[in-house]
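The values are calculated or read from the model by the stated rules, or taken from the named source; none is laboratory data. Source: prediction; values computed, not measured. Cβ placement follows ideal geometry from the backbone for every residue including glycine, while neighbour counts extend to all protein chains displayed. The accessibility values were calculated without ligands, DNA or RNA, using every heavy atom of the protein model including side chains. Shrake-Rupley method; radii C 1.70, N 1.55, O 1.52, S 1.80 Å.
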Amino acid sequence: MKPAPAAVNTAVNKSPAPTPKPAGFRRAVRVCLLLCALLIAATLALPYALPWLLQQQDIDYAWQPQWHLNGLSAANVQLTLPNANTPAQHLKIDQLRIEWAWQAFPIKRLQAQGIQAYWPPNNDAAPAEQSAFALPQALLRWLPQQLELKQIDADLPGIGRLQGSLQLQASSQGVLWQPAYLQTDLTLDNLQGTWLDSIPTEFQPTQLTANITTHPDHQHSADDQQLLVIDLHSLGPMRLQINGLLDLQQTPSWQ
């Protein structure tokens, strides 16, 4: 009598089925890839888009920028804005450096070693435009969070010649582009223009110097008040010096 054959297990050992990834994870990956692609495309297109935008505004420019991941730099920048009835407006910037950030302030920092400008008034502008000038709200968000101009030399026909330096830092808290720190050392000489006619001859200045800096108590605290230390000198037939403390309140606009 033959023994019964042993039972053979014909079942195939199968590995457990992989757990499908949730749809939310796949969607997040696709969004990240799309954002990276858009960022790369914007970075590659910017060197060509910016000159095109300047040409659309009839602005003649000359520069050789070096593009970086977080901004751009240029040893020399020259811009010319032609006017029909007045001399052209010229702007020259030495050692320009712009850093941007993808946050509330698209331009994080703008720094220049020197700025030279010849900026006559544009007579084509309507009187209403000259008397009431305001930056659009859409443009305010493009103002740099940090601004540093080490040497300013601007010839302003009808006003005078402005020289000095400017350093400003805006607060990213609260209202958009609220100055948190300001330091200026500006001198206006070679005064000219019809605005002097309203000042008696014995009081007409030949030079104005303005030194403005943020009060030490407010250099590291951004709130709804801004204290500025003012030192204004006037040189001429009669000299004048004003020292004071300027308190700016934003409720909701600067006063």
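What number goes with the only condition from (1) farther than 18 Å from Tyr118 by Cβ; (2) modelled with pLDDT under 80; (3) open to solvent by 40 Å² or more (accessible area, probe 1.4 Å) that Gln66 does not pass?
(2)
Restricting the first residue to the range 86-103 and requiring it to be within 15 Å of Asn70 (Cβ to Cβ) and polar (S, T, N, Q), which pairs with a second residue that is modelled with pLDDT under 90 and open to solvent by 20 Å² or more (accessible area, probe 1.4 Å) meet a Cβ separation below 8 Å and a spacing of at least six or different chains?
What qualifies is Gln103/Ser172.
Listed here are the residues, each with its yes/no results for (1) at pLDDT below 80; (2) surrounded by fewer than 17 Cβ atoms within 10 Å (Cβ to Cβ); (3) touching a Phe, Trp or Tyr at 6+ places or on another chain (Cβ under 7 Å); (4) among the hydroxyl-bearing types (Ser, Thr, Tyr).
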| residue | (1), (2), (3), (4) |
| --- | --- |
| Leu162 | no, no, no, no |
| Ile199 | no, yes, no, no |
| Gln204 | no, yes, no, no |
| Leu208 | no, no, no, no |
| Ile212 | no, yes, no, no |
| Ser221 | yes, yes, no, yes |
| Leu232 | no, yes, no, no |
| Leu235 | no, yes, no, no |
| Trp254 | yes, yes, no, no |
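Leu140 - would you say it is modelled with pLDDT under 90, exposed (fewer than 14 other Cβ atoms within 10 Å of the Cβ) and within 16 Å of Leu110 (Cα to Cα)?
yes
I'm trying to understand the selection: among the residues of the range 70-106, which are over 22 Å from Asp155 (Cβ atoms), open to solvent by 40 Å² or more (accessible area, probe 1.4 Å) and among the aliphatic types (A, V, I, L, M)?
The answer is Ala75, Ala104.
So which residues in the range 237-247 are at pLDDT 85 or above and open to solvent by less than 70 Å² (accessible area, probe 1.4 Å)?
Selection gives Gly244 alone.
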